Every structure is written in structure tokens, then in C-alpha cells.
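Accompanying notes for the structure given below.
The values are calculated or read from the model by the stated rules, or taken from the named source; none is laboratory data. Values in this document were obtained by computation on a predicted structure and should not be read as measured data. Heads up: the accessible areas ignore ligands, DNA and RNA and are worked out on the full protein's heavy atoms, side chains in. Shrake-Rupley method; radii C 1.70, N 1.55, O 1.52, S 1.80 Å.
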Amino acid sequence: MTEIGPVEYMIVSFAGSDRFTGDVAPALADLVESNTIRIIDVAFVTKDADGEVEAFELSELHSDIRDALDSMGIAGSGLLNEDDLMDAAAAIEPNSSAALLVWENIWATKLATALRGAGGEVVLTGRIPHDTVTAAREYVLAAAANPQEADNVPS
């Protein structure tokens, strides 16, 4: 059996019910083409102003988006099911839409294989929000530029 890297998923919401443009596809394509990730599944939901939910297939997307996803070999594996789509819809605000994405981190396959081979087991994983990282980075840069003021900042 071929080893597989860590698999992650993400639900990204967009204000407005028709926000699936082709803007994200080139960034995904770069990651796929560089063998950083492999897209396993993708799905989309919308929720109108009255809270009515609609899930749709790749074939129902605008042709530009569909063509971009097709060029990456994304056909939808069926891994995401109706329950996943309804959970995503429940998590978004009315008059918005969401993309559900499942991917394999190809870049981490060797590490994951080595960890499993050594008897390692993931006990916790997480993600630090972008705003938190940005604020911490700005603080470190400011402290480096002016160390006296950094000592006066409460922790």
C-alpha cells in the first residue's frame, strides 16, 4: 500500500451567496503542481438570506472555476458526504457560501511514515490563526527595534 501523508480539511466561508470565483484556483494549482498537496475532495454549499441551504457538485460551478479544478485533477472523491455538507452549512451565516476542501500534505509523507514506523502517534495538532501570528511577529520586530519599550509591555 502506498504511504499517505497527513490529511486535513478546511471549511472556508465567504460573505455573499455567489462568491466562488476563480481567484483561489491558481493558488491551489501551485500547491498541487509542486507536489506540496493532493486535493482529495472538494464541495460547495450556499445559504440564502432565509437560511435555505443548497449543496452543489463541481459540474454545477461556473465554467472557469470548473476548468481550473479539472486542470488539477479534482473530480471529487465522494469522501465528503451529505452530513459534512449540512455541518458546513450550519456553521455559516445566512447569505453566505462555503467551500469544503480535503487534502493530503504530500510534503509530510516521509515524516509521517517515519513517525509511524517509530511507533509515534499524533496526540495533538493545531493551527495558529493568521492574526495571532501577525501580531506576535509585529511585536518581535518592534521589540528588536526598541528593546526598552518591549520590557514595559505587559505579558
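Within the stretch 82-122, the residues that satisfy the criterion of being among the β-branched types (V, I, T) and either open to solvent by 90 Å² or more (accessible area, probe 1.4 Å) or assigned to a strand (DSSP E or B) (or both) are V102, V122. Considering (1) modelled with pLDDT of 70 or more; (2) open to solvent by less than 30 Å² (accessible area, probe 1.4 Å); (3) within 17 Å of the chain's Cα centre (by Cα), the lone condition that K47 does not fulfil carries the number (3).
Only residues that are at pLDDT 90 or above and part of a loop (DSSP other than H, G, I, E, B) were counted in the stretch 1-30, giving 2.
When restricted to residues that are under 31 Å from the mean Cα position of the chain (by Cα) and at pLDDT below 90, the stretch 128-152 contains 0.
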